[in-house]
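Asker: Got a structure here, written out as structure tokens. Questions coming.
The values are calculated or read from the model by the stated rules, or taken from the named source; none is laboratory data. It should be emphasised that the depicted structure is a prediction, and the values quoted were computed from it without experimental measurement. Cβ coordinates were reconstructed from backbone atoms using ideal geometry, including for glycine residues, and neighbour counts include every protein chain displayed.
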Amino acid sequence: MVSLTHFRTNPRPRRTVLPALLKPSNRPDHDTVSENRAPQKRTKPSHMLAFVLFSTMAMLSKEQGITVLGFAPVYDLAIRCQLPPSIWLSMLIRRQAPDWVVQLRKRILLSVVAGILLLTARFLMMGEGVPIFQPKELPHRFHPSLLVRFLSQNWLVVFNFNLLLFPLTLCSDWSYGSIPLLLTASDPRVVGIIFLYAVLAYRLYKLWGSQEPHSLIELTAWGMMVLSFLPASGLLFTVGFVVAERVLYLPR
């Protein structure tokens, strides 16, 4: 219900993120792609321009929309080119590369350059108006103990993942002390942290060298979920909330 509500009440990111993903692909034929074979259609400059435009609109609608620039290369490599992660780097840095690899490099380079420019523009727009947070608002970020901050922040990742799968306990404001800190390594919730990261590591290990279609689709799904959540997770930089259900759903 929460996901459906967010999907319907704020459609602007949905209308810009999804077209941004579709434009660079140029809707290729469903060929089996290997190191020597790839979709024969070349990416049109107009489609790349549309990709940057839709990505910009997504970011202006919601900052989280900029993650489409990080997800697009994953989608390109896994879905369009059908390459497993184990050969991504070797394919991109090879000297005598076929034309489709050259085109792939250009698309990835465009995503990187566009991301840097949009992030720079976003910070310039903020100017000196960087928000200042108080310790009572975000206790997990301002606790004097590094261990407490580390455990509490990672527990929030588990908490968010649980909300995504089982949205049973929802709240309009998870700030302040609504989620108790993990004060010691013996806290039972540490088991949940270890379990989640173990599952993620196991799935990445299983998907690393697989070229099966279902594996590449799963890899793309993980990439979309993880990359879209990272800016709001608090792992990279401080955000103004402890937990917010709205950031778990990409259309929002």
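Asker: Please determine whether any residue of segment 168-176 is of a type in the set (Ser, Thr, Tyr) and either within 30 Å of residue 86 (Cβ to Cβ) or modelled with pLDDT of 90 or more (or both).
Answerer: Within segment 168-176, not a single residue is of a type in the set (Ser, Thr, Tyr) and either within 30 Å of residue 86 (Cβ to Cβ) or modelled with pLDDT of 90 or more (or both).
Asker: To continue, here is another question. Pick from segment 167-220 the residues that are of a type in the set (Phe, Trp, Tyr) and under 22 Å from residue 136 (Cβ atoms): which of them is surrounded by the most Cβ atoms within 10 Å (Cβ to Cβ)?
Answerer: In this case the residue turns out to be 174.
Asker: Related question: Out of the residues in segment 163-179 that are touching a residue at least 60 places away in the same chain (Cβ under 8 Å) and outside any loop (DSSP other than H, G, I, E, B), state the one that is nearest to the chain's Cα centre (by Cα).
Answerer: That would be 164.
Asker: Moving to a separate point now. Give, as residue ranges, the helices (runs of 4 or more DSSP H) completely inside segment 1-105 that count at least 1 residues that are at pLDDT 80 or above.
Answerer: 45-61, 68-75, 88-93
Asker: Any chance segment 76-90 includes a residue that's closer than 23 Å to residue 45 by Cβ, touching a Gly at 6+ places or on another chain (Cβ under 9 Å) and crowded, with 17+ Cβ neighbours inside 10 Å?
Answerer: no
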